[in-house]
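Report on the structure given below.
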Amino acid sequence: MIEVLAKLGRGPVFLAGEVLECVITFTNPLSASSTSASSEMLAWASAQIHCQFHASENRVALPPSDGSKHDVQAENETVFVPNRGERGQCILSTPPKILFCDLRLDPGESKSYSYCETLPVDGPPSFRGQSVKYVYKLTVGCQRVNSPIKLLRVPFRVLVLHGLKDYQFPQDEAVAPSNPFLEEEEGLKKDSRLADLATELLMVATSRRSLHLYNISNTRGKVGTFCIFKTVYKIGEDVIGTFNFSEGDIPCLQFSVSLQTEESIQEEFQRRRGQPVSFTVHARHQESCLHTAQSSFSLPIPLSSTPGFTTNIVSLKWRLHFEFVTSGESAGTCLVRGSQSEAVTWTGVEQMEVDTFSWDLPIKVLPTNPILASYVSQFSSTNSITI
């Protein structure tokens with residue numbers, strides 16, 4: 001029996017273009033209850049990253065794919081196919097890397113191997129929507145002699161930040177004398193610079209503030225004004241807005257604000273022409289505001305959510321969805337006198353004519369620092385199997 005343990009040192013969330021590093025340890029455990037222990041032998045082990053795509057058959061019409069070659073390989077249990085048994089299509093994969101050949105482990109012995117690979121910048125982000133899914137996994141395959149291949153899958157999350165792909169690092173940083181034995185350290189140094197650059201680009205994009213004022217009105221007149229100071233956010237930030245109903249002509253009885261994502265399939269891949277868009281609510285604020293001059297809301301963008309993106313099949317956009325309930329009467333008739341005695345009690349009316357209307361405000365949501373997103377990730381940094 002051999003235990004295989006794969007550990008992502010920095011966490012399970014990465015930016016596209018970063019270097020993923022995973023330490024894979026093979027152990028021949030020494031059991032205290034066993035009277036005799038023997039050496040274990042593995043023929044080989046290999047690792048590869050792939051992105052698996054799955055689409056809902058009721059919503060997405062995909063063109064037929066030529067997967068005959070992969071099907072023939074999948075029937076052979078001695079061929080390393082990282083996505084063997086996975087649903088959907090493998091749309092992206094890195095070249096496989098051999099970790100070792102002919103590994104012999106004595107009882108109680110362990111050996112570790114480091115796997116490093118740059119995540120492609122032209123791939124989609126990790127996403128689990130109502131119509132499509134993009135899932136990234138690192139698959140470690142190992143085989144005993146005359147035995148089928150065993151697969152250890154390590155799922156992780158990928159965030160895509162546009163602009164990193166076109167950035168060129170200063171050439172003077174590569175002029176210094178290089179040591180061929182320090183190639184890995186130089187790669188990690190560049191990876192660190194990439195993360196710092198991403199943090200800087202995100203800070204510049206989301207720190208710009210300017211006053212955005214919107215008049216809220218219906219067919220009968222003005223209800224109030226809405227104020228927001230920016231429309232570009234990172235996941236993990238709060239969307240804050242304020243209302244001013246003091247200048248409105250129409251009384252507002254209630255309002256609600258929902259933070260939503262809009263998942264739409266590109267027209268050529270729609271199962272039915274004009275099929276509806278899928279909406280997902282991530283946060284919601286509702287408030288009764290009769291006789292309220294000013295009000296505000298704060299909606300957190302979950303760190304586990306997916307920033308906006310577009311591929312050839314699906315598009316994900318963010319928006320604020322507003323719903324207003326206004327009175328069909330003037331503000332002075334919204335209260336009735338409940339008693340004729342000296343102590344006057346005012347109570348609300350039992351019935352009232354109301355009007356409802358909605359409004360959508362698009363916003364832009366970008367990724368955040370992958371280390372911060374790792375704290376709330378559903379994926380584990382450590383995965384293991386026994387073969």
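If R0 is 56 Å, the Cβ-Cβ spacing of K364 and S39 corresponds to a FRET efficiency of close to 0.45. Between T231 and V349, the simple spin-label model (points 7 angstrom out along Cα→Cβ) gives 3.7 nm. Computed packing ranks the peptides 375-382, 268-275, 292-299, 157-164 as 157-164, 292-299, 375-382, 268-275, most packed first, by mean other Cβ atoms within 10 Å.
May I ask which of K133/K234; K111/K133; K222/K317; K97/K133; K111/K150 have a Cα-Cα span longer than 24 Å here? Cα-Cα > 24 Å for K111/K133; K222/K317; K97/K133; rest within. With a simple spin-label model that places each label point 7 Å from the Cα along the Cα-to-Cβ direction, the separation between L211 and V121 comes to 4.0 nm. Under 16 Å from a point placed 7 Å out from the Cα of L372 along the Cα-to-Cβ direction: which residues of the stretch 220-239 have their backbone N that close? The answer is 231-239, whose backbone nitrogens lie closer than 16 Å to the label point.
Cα centroids of the stretch 210-237 and the stretch 76-153: 48 Å apart. Electrostatic tally near W44: other residues with Cβ closer than 13 Å to its Cβ, Lys and Arg +1, Asp and Glu -1, net +3.
Place a point 7 Å from the Cα of R220 along the Cα-to-Cβ direction; which residues of the stretch 254-271 have their backbone N under 20 Å from it? Under cut-off, by backbone N: 254-256. Take the convex hull of the alpha carbons in the stretch 82-128; its mean projected area over all directions comes to 5.7 nm².
Among 350-356, 250-256, 14-20, the peptide with the highest mean count of other Cβ atoms within 10 Å heads the list, and the full ranking is 14-20, 250-256, 350-356. With K and R counted +1 and D and E -1, the other residues having a Cβ less than 12 Å from that of F255 yield a net charge of -1.
For the stretch 269-322, the C-alpha radius of gyration sits at 1.62 times the compact-globule guess of 2.2 N^0.38 Å, with N the residue count. Approximating the spin labels as points 7 Å out from Cα along Cα→Cβ, the S304-to-Q266 distance works out to 3.0 nm. Packing order of peptides 199-211, 122-134, highest average first: 122-134, 199-211 (average count of other Cβ atoms within 10 Å over each peptide's residues).
Since every read-out is calculated from the coordinates, none of them should be taken as a lab result. In this text the structure is predicted, and so the values were computed from the model without any measurement. Cβ atoms come from the backbone with ideal geometry, glycine included; neighbour counts cover every protein chain shown.
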